[in-house]
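The values are calculated or read from the model by the stated rules, or taken from the named source; none is laboratory data. Given the structure is predicted, the values throughout are model-derived calculations rather than measurements. Every residue, glycine as well, gets a Cβ built from its backbone with ideal geometry; the counts of neighbours run over all protein chains shown. What goes into the accessible areas is simple: the full protein's heavy atoms, side chains included, and nothing from ligands, DNA or RNA. Shrake-Rupley method; radii C 1.70, N 1.55, O 1.52, S 1.80 Å.
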Amino acid sequence: MNRQLDRSYRFDWPIIVIYLMLVFFGWLNIMSASHTGEITNFFDMSQPYGKQAVFIVLAFILIAITLSLEAKFYERFASIIYLISLLSLVGLFLFGKNVNGATSWYGIGGMTLQPSEFAKFATALAVAKYISDLETDLTTIKDQVRTMVIILLPAFLILLQNDAGSTLVYGAFFFVLYREGIQQIYLIALATLVGIAVITLKFGILTTVLILVVLGLMVNLYLRKRKPPIIPSIVILLISSLLAVSVSFFYKSILKPHQQDRISLWLRLEKDPDKIQQMKQTILYNLNESEKAISSGGFKGKGYLEGTRTTGKFVPEQHTDYIFSTVGEEWGFLGSSIVVILFVLLIGRVVVLAESQKSQFSRVYGYSVAAIFFIHFLINVGMVMGLIPTVGIPLPFFSYGGSALWGFTILLFIFVKLDSNKINEW
C-alpha cells in the first residue's frame, strides 16, 4: 500500500531540475542586467533582481499549491478556470493600468499583475477539456470551430489591449490540434497564407497574382492526365488573390507605423538608406544594441557581471524581453548554447511525457505546454538575434516579471502533477 502511494506521487525530476536551473540562471542574468553598483542585498526591493528573488520564492509556494491539488481537480474545474481567466481579461478594460501603451496590467499597491500570463494555462486546460470530451470529434467542422473559439477568444481580448506579442502565443495551439487529428489541409492553408503574405509585402499585389497564376498553370499541366476540375482551380486563385489584397490593406491601413517599420526592416522593404538609418536609430535601437552585445561575447563571453554593454545599460530594459542578450555577452556562445539546450530538453521531455499519458486530457494539456514554451522561446530568441520582427514577448523563467514567472510555473507544474497521476489512470 505504501509502495503504491509513493508511486502515485512520483514527480518527474528531470523537468523539475531543468526548471530550477533555468530559474536560477535567469535570476543571475537579471541581476547582471539590472544592478547599479555593489550588490549587498539579494532581496533589495528597489532593484529588479531583488523583486525577482521574491517572485521566485512565491513561485515555489505556487508549486507547492499546484502539486498538492488532486490531478482530477484541473480537469473537473478547467471550464471554471477558463471563465475566470476571461473575466480577468475583460476587467482590464475597466480597471486596467496602461503601461507603455498596453492596458494589460492590474495595479495592486506598488505592484502590477498581468492576467494574460495566466490565461495561457487556463486556455490550455479548456482546450484539453473540450478535446478530451467523448462527444468531441476534431474531424468535424462544428468541433473545429468550437475549439478555435476557445483559443481565439482570449487571444482577441489580449489583442484589444494592444499586446500583439502575447496574442501570437495562441498560434501554438495549432500544433496541438494537428497532433490530435485535425486535417492536414489546415497546415497547407497556413503555409500558403504565410507565403502569400510575405510575397505580397515583398513584391506587391500584381506580382503575387502573376506568381499564383503561373503556379496554377504549372499544377494544372502536371495534373493534366487526371483532368483537374477548372472551377475549383479558379476559386482557389480568386481566394489567393483576395488574400494578397487583404494582406496589403492590413499592412498599410491596420498596422501602426512602428509595426510597419519593424516588418519593413525585417523583409528589407525600405529602399531609402536615410529612412533605413533613421528607423534603426529609433524603433530598432534595442535590437541593434542587443545584437552588438551578443556578438561582443564571443565564444566564452566576457564573464559574469563583466559585460560592458550590459553594465553600461546600452540595451534599455535589458532585464525584460532582451535578457538573452545578457547571456550572449557575459556567457558567450557556450553559455547561450547551454540555455538553448536546456529549453530543448525541457520541451522535448514534456513532449515525451505527453505522448506517454493514458488520459487524452493530460496528453493534450502536455502538448499545449510544450507548444507554448516553444513559441515563447522561438520568438524571443529570434527577436533578440534579429531573425524575426521585434515583438514584446518574455523568455520563460528568464525575463523579469512576477506574472510571467508565476504563469509559466503554474503552466508547467500542472502538467507535472497530471503526469505523476498517470499511474492511477486506466
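Scanning segment 106-115 for residues that are part of a strand (DSSP E or B) and either within 18 Å of the chain's Cα centre (by Cα) or aliphatic (A, V, I, L, M) (or both) yields Ile108, Met111, Leu113.
Would you point out which residue out of Gly328, Gly407, Gly348 is closer than 30 Å to Gly181 by Cβ and open to solvent by less than 10 Å² (accessible area, probe 1.4 Å)? None of the other options fit; the residue is Gly407.
Specify the residue that is modelled with the lowest pLDDT; the eligible residues are those in segment 218-237 that are of a type in the set (A, V, I, L, M) and surrounded by 12 or more Cβ atoms within 10 Å (Cβ to Cβ).
So the residue we want is Val219.
State all residues of segment 73-105 that are assigned to a loop (DSSP other than H, G, I, E, B) and loosely packed, with under 13 Cβ neighbours inside 10 Å; if no residue qualifies, say none.
Start the filter on segment 73-105 by keeping residues that are assigned to a loop (DSSP other than H, G, I, E, B), which leaves 77, 96, 100-101.
Residues satisfying the conditions are Asn100, Gly101.
Of the candidates Val145, Val149, the single residue that is within 13 Å of Leu86 (Cβ to Cβ), open to solvent by 60 Å² or more (accessible area, probe 1.4 Å) and of a type outside the set (Phe, Trp, Tyr) is Val149.
Within the set Ser359, Ser403, Ser325, Ser399, the sole residue that is touching a residue at least 24 places away in the same chain (Cβ under 8 Å) and in contact with a strand residue (DSSP E or B) (Cβ under 6 Å, 6 or more places away or on another chain) turns out to be Ser403. The number of residues in segment 160-199 that are under 25 Å from Leu125 (Cα atoms) and either among the aliphatic types (A, V, I, L, M) or at pLDDT 85 or above (or both) comes to 21.
Tell me, yes or no, whether segment 406-416 has at least one residue that is among the β-branched types (Val, Ile, Thr), closer than 21 Å to Ala64 by Cα, modelled with pLDDT under 95 and in contact with a Ser or Thr (Cβ under 9 Å, 6 or more places away or on another chain). No: zero hits.
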